[in-house]
1. Taking segment 258-272 as the region of interest, how many residues are in a helix (DSSP H, G or I), without any contact (Cβ under 8 Å) to a residue 24 or more places away in the chain and surrounded by 15 or more Cβ atoms within 10 Å (Cβ to Cβ)?
2. Does segment 77-95 hold any residues that are at pLDDT 90 or above and more than 16 Å from ligand 2 (Cβ to nearest atom), and which are they?
3. So if I check each of 217, 199, which one is assigned by TED's automatic domain parsing to the domain that holds residue 48 and either under 20 Å from residue 347 (Cβ atoms) or part of a strand (DSSP E or B) (or both)?
4. For residue 106, only one of the following conditions fails: (1) at negative phi; (2) surrounded by fewer than 14 Cβ atoms within 10 Å (Cβ to Cβ); (3) not in a strand (DSSP E or B). What is its number?
5. Residue by residue through segment 207-222, note down the ones that are within 15 Å of residue 27 (Cβ to Cβ) and in contact (Cβ under 8 Å) with a residue 24 or more places away in the chain.
6. Which residues, taken from segment 333-359, are surrounded by 17 or more Cβ atoms within 10 Å (Cβ to Cβ) and over 24 Å from the mean Cα position of the chain (by Cα)?
7. Among the residues of segment 289-332 satisfying the criterion of being under 25 Å from the mean Cα position of the chain (by Cα) and in a loop (DSSP other than H, G, I, E, B), which is farthest from residue 263 (Cα to Cα)?
8. Pull up segment 1-13, narrow it to residues that are in a loop (DSSP other than H, G, I, E, B) and more than 16 Å from ligand 2 (Cβ to nearest atom), then point me to the one that is surrounded by the fewest Cβ atoms within 10 Å (Cβ to Cβ).
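The values are calculated or read from the model by the stated rules, or taken from the named source; none is laboratory data. None of the values given here were measured: they were computed from a predicted structure. Every residue, glycine as well, gets a Cβ built from its backbone with ideal geometry; the counts of neighbours run over all protein chains shown.
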Ligand SMILES: Nc1ncnc2c1ncn2[C@@H]1O[C@H](COP(=O)(O)OP(=O)(O)O)[C@@H](O)[C@H]1O
Ligand SMILES: [Mg+2]
């Protein structure tokens, strides 16, 4: 049974002419880790704050554990929250900061100590127990903020960009720590981020939003391999999926600039007779230059000249202009192509996407 249910949830801020969050529907299972992701201003925080009870729900119904929450006060919703700007109390030690909320809840002192000890241990803060925030690193402070939330022993965890203030390296290690914490505690978690990598690496399921509207919800690889529309295709994955304006006529795909290729039968089948102008999408790693792929595709080989290369260490990005667009192929670090080289390439048929030029709908997934 669904543990958190969004039923036609809408949000209109006072004085606004349109809804900031539009008809949000979702069922979240107990213990799931859900990421809300999307560009800044798309309504992620607003949705999360409606779950927390800090923001009024102006349309629809929200249920947690089967109980309608619309009118329930934040402290009675059974949630704990971590924000980007987790203001720790500067004059309090780590242990006092972590236990502060419990003291407010009027728990007996020995029980508070037990919970604080547990949180300090699980977060690896033993050494810092008596330090004040100004003597902690950013990552340690963030762990204290997490500690404050986990001691509350709530069934739902809400996090709003909790790692955005940390430097890149720390973000990566905190990602793993939060995932581990989630496995240990099992609290149902909603995690808001604008960073698609965080969403991909941490979440059981991702909800992608744009302008207050859910674009797609699903497991990370579902979204990566089967994007419902061009926005999702472009948002998930780095470097971004390559997009080309093409015209499909019969079994031919024509790129602007004259190149054309025969569309493989399995792709034609998925296109279900769609013809005309559309956007062709292919990820960098699905542009192939190896002998085996080229042989498999027979005469359907394209040519281009590399205009730029990016050495990533584990792999290389090769940039080239093709079909009137700038494109990038991702190849192994053992690939020795260089700037100025002519490449011959083909596309992995099962990874070819075709989007409606107006609505962005992915024809091969629709
Ligand atoms: N208190 C508010 N009053 C009016 N508009 C708001 C308020 N908070 C946020 N907004 C607007 O709602 C939209 C979504 O904001 P938000 O939910 O914070 O987006 P995100 O978290 O995805 O960046 C933005 O256009 C923002 O300006
Ligand atoms: Mg936000």
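1. 1
2. Once the filter is applied, which keeps residues that are at pLDDT 90 or above and more than 16 Å from ligand 2 (Cβ to nearest atom), segment 77-95 yields 77, 78, 79, 80, 88, 89, 90, 91, 92, 93, 94, 95.
3. On the way: 199 fails: either under 20 Å from residue 347 (Cβ atoms) or part of a strand (DSSP E or B) (or both).
The conditions single out 217.
4. Of the numbered conditions (1) at negative phi; (2) surrounded by fewer than 14 Cβ atoms within 10 Å (Cβ to Cβ); (3) not in a strand (DSSP E or B), the odd one out for residue 106 is (1).
5. Result: 207, 214, 217.
6. 343, 345, 346, 347, 349
7. My answer is 313.
8. Residue satisfying both the conditions and the ranking: 1.
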